[in-house]
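What follows is calculated from the coordinates using simple rules that are stated; it is not laboratory data. This one's a predicted model, so the numbers in the text were calculated from it and none came from an experiment. A quick note on method: Cβ atoms are made from the backbone with ideal geometry, for glycine too, and the neighbour counts reach across all protein chains shown.
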Amino acid sequence: MEFYADVASLQSAMADHRRAGRSIGFCPTMGALHQGHLSLIEASRKENDITICSIYVNPTQFNDPEDLQKYPRELDRDRDMLAEAGCDGLFFPSDEMMYPKPAVMAMQFGPLENVMEGVHRAGHFNGVGLVVAKLLHLVGPTRAYFGQKDLQQFAVIRQMVEDLMFPVDLVCVPIVRESDGLAMSSRNARLSPVARKTAAQLYAFLQEAREQLLQGRSVMSVGQWVRAQLGEHRDINLEYFEIVHSHTLQSISKMNSSEPTSLCIAAWVGGVRLIDNLTV
Ligand code: PAF
């Protein structure tokens, strides 16, 4: 695996690959890798000649300095995992490299960010948009891979790529779950054993809600049921539960089998904020 610690070496290697006619798959991450990230690498390796991963904990997408400071950083372990997974190159820039000066430009995503994560994490998608745009410019991939766990992030990036005409195909890779259903996340490592057990209930609620919708219960009553159950929960602090169109992310009032629907949840468990979603 090649290591690129600076922009110049990354860009020159990527230009060589493109000149040689090789397709480049790109998997941007913030490190603390787990099986979910490796599924991006696996998907990319199947579809491209070269797979590049980036590890960069992007400060502009954190609106809580404590969250940024606590974000796990495990570069040595991550490098070994990527090499074993067959990744061809790793870009791990510094803050000075990615933000030589504070960004002046800001990105806004309108209705796509006026819901869910955008409401609870002010400025988050501006930071995601900025860093993903920079990374796409630097790598110039044929395809870029993102996890479905961050459904809203994927919708926002799809919009940005469309609006700014980035010549890249985006791929949304399904969520990888632990055996009890908890969606894999770098944040799971911060859960105590008790909270870890409780956290699996989020997926159980999503599954139960999906079941109820498939049985014909109305969108409104399923939403009320989940919010009531979790509202009373001793160990789960619900931030939101929404039943939305999977692409526009707007709440739906009625199921329509020809439109993609997603159940989205965010909650605090044992002091850790977790998100998950399930397609109906
Ligand atoms: O999903 C992530 O890990 C991050 O939001 C991303 C896409 C790498 C941008 O920092």
Taking springs between alpha-carbon atoms closer than 10 angstrom, which of 21, 31, 123 fluctuates most in the Gaussian network model of the chain?
21
With unit charges on the beta carbons (Lys and Arg positive, Asp and Glu negative) and the dipole taken about the Cα centre of the chain, which residue among 1, 176, 261 sits farthest to the positive side?
261
Sorted by Cβ density within 10 Å, fewest first, the residues 142, 51, 29:
142, 29, 51
For the chain, what relative contact order do you get, as a whole percent, if you take Cα pairs closer than 8 Å and at least 6 residues apart?
18 percent
Compute the signed sum of charges (Lys and Arg +1, Asp and Glu -1) over the other residues within less than 15 Å, Cβ to Cβ, of residue 123.
-3
Net charge dipole size for the stretch 1-47 [Lys, Arg +1 and Asp, Glu -1 on Cβ; Debye, nearest 20]:
180 debye
The stretch 107-121 - phi-based ³J(HN,Hα) in whole Hz, Karplus 6.51/-1.76/1.60, Gly and Pro as x:
10, 10, 10, x, x, 5, 10, 8, 9, 6, 4, x, 6, 8, 10
Overall dimensions of the stretch 36-157 by Cα: Rg and Dmax, Å:
15.0, 41
Hull-based mean projected area of the stretch 87-177, where the convex hull spans the alpha carbons, in square nanometres
7.0 nm²
What's the extension gain from residue 227 to residue 177 if we count 0.36 nm per residue and subtract their Cα-Cα distance?
15.7 nm
Counted charge near residue 191, where neighbours are those whose Cβ lies closer than 13 Å (Asp, Glu -1; Lys, Arg +1):
+3
Dipole of the stretch 25-151, Cα-centred, from +1 at each Lys and Arg C-beta and -1 at each Asp and Glu C-beta, to the nearest 20 debye?
240 debye
Test item: Cα-centred dipole of the chain, Lys/Arg +1 and Asp/Glu -1 on Cβ, debye
300 debye
Given the C-alpha centroids of the stretch 1-38 and the stretch 216-230, what is the distance between them in whole angstrom?
43 Å
Return a single number: how many Lys pairs in the chain, at a sequence separation of 8 or more or on separate chains, have alpha-carbon atoms below 28 angstrom apart.
10
Extension gain from residue 70 to residue 279, taking 0.36 nm per residue of separation minus the Cα-Cα distance
72.2 nm
Sort 26, 3 so that the residue with the fewest other Cβ atoms within 10 Å of its own Cβ comes first and the one with the most comes last.
3, 26
Mind listing the Cα extents of the chain along all three principal axes, in Å, largest one first?
56, 41, 38
In the stretch 1-74, which GluC sites (Glu not before Pro) fall in coil by DSSP and have 15 or fewer other Cβ atoms within 10 Å?
74
